[in-house]
Amino acid sequence: MGKRIEDWIGQYRHMDWAVLYMRLFAGGMMLFHNIGKMQDYNEIVNSYPSFASAGSAATFVVVTVAEVLLAVAIIMGIWVRMSALILSLGILLMFAWGGFGAGELEFVWLGVYVFLIISGGGLYAFDTALAPAKPKK
């Protein structure tokens, strides 16, 4: 049974290129998104909520730095599932805070992050390169 599953997975190794593309695309788009947010700081900083005596500017900085670090981790293929999970939880938190009228684009991002949670980093990720090779039986 295990050998058949390994053979089936081996037939679909070209899908790792699709995962690589999705990682590079999602991470790159998140970086460009954050560059745009930083450029429009004065216009959008007041739209962020204040948490636990920290002002909206502090919340903006924390969210932006976290999104940049998680996007870089996704691009590099380090902790892809955890990074995508954190980013998708952020989107769900935004829905809870702003309602489902936030927009269709957030649903697209949620779908991309769910894809990365399911697929992981793929063959061309640093996690795969750093993981010890499994001995063949």
> Given the conditions (1) modelled with pLDDT of 80 or more; (2) open to solvent by 80 Å² or more (accessible area, probe 1.4 Å), which single one is not true for ALA71?
Replying inline: (2)
> Mind checking which pairs have a first residue in segment 41-58 that is farther than 15 Å from TRP97 by Cβ and open to solvent by 40 Å² or more (accessible area, probe 1.4 Å) and a second that is at pLDDT 80 or above and not aliphatic (A, V, I, L, M), Cβ under 8 Å, 6 or more apart or different chains?
Replying inline: TYR41/PHE60
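Would you pick out the residues in segment 13-59 that are of a type in the set (Phe, Trp, Tyr) and either assigned to a helix (DSSP H, G or I) or at pLDDT 90 or above (or both)? Spell out the reasoning first.
Residues of segment 13-59 of a type in the set (Phe, Trp, Tyr): 17, 21, 25, 32, 41, 48, 51.
Those that are of a type in the set (Phe, Trp, Tyr) and either assigned to a helix (DSSP H, G or I) or at pLDDT 90 or above (or both): TRP17, TYR21, PHE25, PHE32, TYR41.
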> When residues of segment 26-40 are filtered for being within 20 Å of MET82 (Cβ to Cβ) and exposed (fewer than 15 other Cβ atoms within 10 Å of the Cβ), how many remain?
Replying inline: 2
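Here's the yes/no breakdown for (1) at negative phi; (2) in contact with a helix residue (DSSP H, G or I) (Cβ under 9 Å, 6 or more places away or on another chain):
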| residue | (1), (2) |
| --- | --- |
| PHE25 | yes, yes |
| GLY77 | no, yes |
| TRP97 | yes, no |
| LEU105 | yes, no |
| GLY122 | no, yes |
| PHE126 | yes, yes |
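The values are calculated or read from the model by the stated rules, or taken from the named source; none is laboratory data. Keep in mind it's a predicted model, so treat the numbers as computed, not measured. Cβ: placed from backbone, ideal geometry, glycine included. Neighbour counts: every protein chain shown. Just so you know, the surface numbers come from the protein's heavy atoms only, side chains and all, with ligands and any DNA or RNA stripped out. Shrake-Rupley method; radii C 1.70, N 1.55, O 1.52, S 1.80 Å.
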